[in-house]
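Beneath this line is the structure, given in structure tokens, with notes to follow.
The values are calculated or read from the model by the stated rules, or taken from the named source; none is laboratory data. These numbers were taken from a predicted model, which means no experiment stands behind them. Neighbour counts run over all protein chains shown; Cβ positions are idealised from the backbone, glycine included.
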Amino acid sequence: MLNYWKIPMRAHIYIIVTAILGINFSIAQQVEATQEKIWDLETCISYALDHSITVKEATLTKNNAEVEYSASKSSRLPNLIGNANQNFTNGNSIDPITSDFVSQQINSTALGLNTQLTLYQGNQINNQIKQSKLLVDQNGFFEEQAKNDITLSILEQYIQLLYSKEAIKIAQNNLETSGKEEETAKARYKAGSIAIRDYMDAQSQTATNRYDVITAKNDYALQLVTLKQLLELPSGQPLEIADSIEFIFDKIPNLSEVYTKALDILPEINAGETNISLSNKQIAIAKGQYLPTLVFTGTIGTGYTSTQELDFSDQFDVNFNQRAGLSLSIPIFNRNRTKADVQIAKVNKDIAELQLTQEKKDLYLKIETAWQNANTAQNQLEASQVARSAALESYKLAQKQYELGALSTADLILSQNTYTNAEQNYVQAKYLNLLYTQLLEFYQGNKIKI
């Protein structure tokens, strides 16, 4: 056991300094761990792409396709099989080594190597290799599509959170204002300048605004849970999004230009086109079954038998043999199986073409919907800005009139609600405009920027 008092003084100082540094480092780690990380949109998207289960599954599926592609290329190579047999025979039989007919007990050992190499198989091997490569490409597009889907989900949820966060500020400002108005109404009621009904109206408005704050905070919390799920974060981990963003409202692009660019770059379209190519290769593979198959075969072997007088090693040398040959298989009739396979492959190609057509229609619908919504949101934003400014000036005037006793509490509340609705309409139009303009940028292959 270590005796502290027998340690030299320098060692004492070293231990104390090390302990202090360790404590400070531990405290710094704890402080850093307790600090909430501010997540901007770029951070959220990057984190989700690294942790999304859907993206990971798509990546693993692509990895499987790459393994299958590598295996298919090896199908051009010859195989090599080793075999060993040990037999004991009694009675009339054929010696497995010498092929002589004997009537005695036989103890035999046989060793050999066999190989086969397909020289021609109706070009099926080459087509299968090309088909495997197309599957790798297609699964690569599926992986990219999964990344796009999670990116769009994060974008939509992040903007929803920004809207919910601003809604909390609006509700809190209303509560603060209505609280002051309630205090004013209380003083005026005690002074006898307003009726109790006006004072109750002010109290009711404050309670309503407090309810709105609670509702807005609850909505934000629920939206935050959804974002955590998209990020694959544990529910208990703190998460705070950035609330200072730069609103960039680019000019809305031409609809046909967006669609044309989307057709060239979006993975779901590329995957659909690859699916048609896969179907063409399957047709070629099926037609290859009509053609003959030529296979090279080779065998080397040796063995030992108790019917020969030579010892074990000498027999292995004497009985060593080699064989090489060609095997030609010509399909004549296989109960119309090949014909059916060709027909099925052609039908699958027709299905792939229909699926691609439907995919293009769905894409156009998405783009046109985003384009229409972007135009609508932009017009709504312009109109809501005017309404918001007018409602604010009207509310300020109503507050001054209320302070002078020239306006009832009910009329003041009506003015406040009108301004609140105008403010909410403006905020909603602002974030909808942001969402749909960024969607159009995404469909053109541009980087999302907010």
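Tabulated results
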{"quantity": "Test: residue in the range 281-291 that is crowded, with 17+ Cβ neighbours inside 10 Å, of a type in the set (S, T, N, Q) and assigned to a helix (DSSP H, G or I)", "calculated": "yes"}
{"quantity": "In the range 69-108, the residues that are aromatic (F, W, Y), touching a residue at least 12 places away in the same chain (Cβ under 8 Å) and assigned to a strand (DSSP E or B)", "calculated": "F88"}
{"quantity": "Members of the range 292-311 that are touching a residue at least 60 places away in the same chain (Cβ under 8 Å), more than 49 Å from the chain's Cα centre (by Cα) and either over 24 Å from I129 (Cβ atoms) or crowded, with 17+ Cβ neighbours inside 10 Å (or both)", "calculated": "T299, I300, G301, T302, G303, Y304, T305, S306, T307, Q308"}
{"quantity": "Scan of the range 309-360 for residues that are small (G, A, S), modelled with pLDDT of 95 or more and over 29 Å from T118 (Cα atoms), ordered by number", "calculated": "A352"}
{"quantity": "Among the candidates E273, E257, residue that is in contact with a Leu (Cβ under 8 Å, 6 or more places away or on another chain), in a helix (DSSP H, G or I), within 23 Å of E368 (Cβ to Cβ) and of a type in the set (D, E, K, R)", "calculated": "E273"}
{"quantity": "Residue in the range 251-271 that is in contact (Cβ under 8 Å) with a residue 60 or more places away in the chain, among the hydroxyl-bearing types (S, T, Y) and either surrounded by fewer than 18 Cβ atoms within 10 Å (Cβ to Cβ) or more than 30 Å from T109 (Cβ to Cβ) (or both) present", "calculated": "yes"}
{"quantity": "Within the range 225-250, considering residues that are at pLDDT below 90 and closer than 12 Å to K165 by Cβ, the one surrounded by the fewest Cβ atoms within 10 Å (Cβ to Cβ)", "calculated": "S244"}
{"quantity": "Hits in the range 401-450 - residues which are among the small types (G, A, S) and buried (at least 16 other Cβ atoms within 10 Å of the Cβ)", "calculated": "S408, S415, A422, A429"}
{"quantity": "Any hit, the range 329-343, residues being assigned to a strand (DSSP E or B) and under 26 Å from Q124 (Cβ atoms)", "calculated": "yes"}
{"quantity": "Any hit, the range 96-109, residues being of a type in the set (A, V, I, L, M), under 30 Å from L233 (Cβ atoms), modelled with pLDDT of 80 or more and out of contact with any helix residue (DSSP H, G or I) (no Cβ under 8 Å at 6 or more places or on another chain)", "calculated": "no"}
{"quantity": "Exclusive hit being aromatic (F, W, Y) and at pLDDT below 95, set Y158, Y211, Y220, Y199", "calculated": "Y199"}
{"quantity": "Subset of the range 125-145 that is among the acidic types (D, E) and under 16 Å from E57 (Cβ atoms) - its residue that is surrounded by the most Cβ atoms within 10 Å (Cβ to Cβ)", "calculated": "E143"}
{"quantity": "Exclusive hit being assigned to a helix (DSSP H, G or I), of a type outside the set (D, E), more than 30 Å from G122 (Cα to Cα) and under 31 Å from the mean Cα position of the chain (by Cα), set L356, L363, L381", "calculated": "L363"}
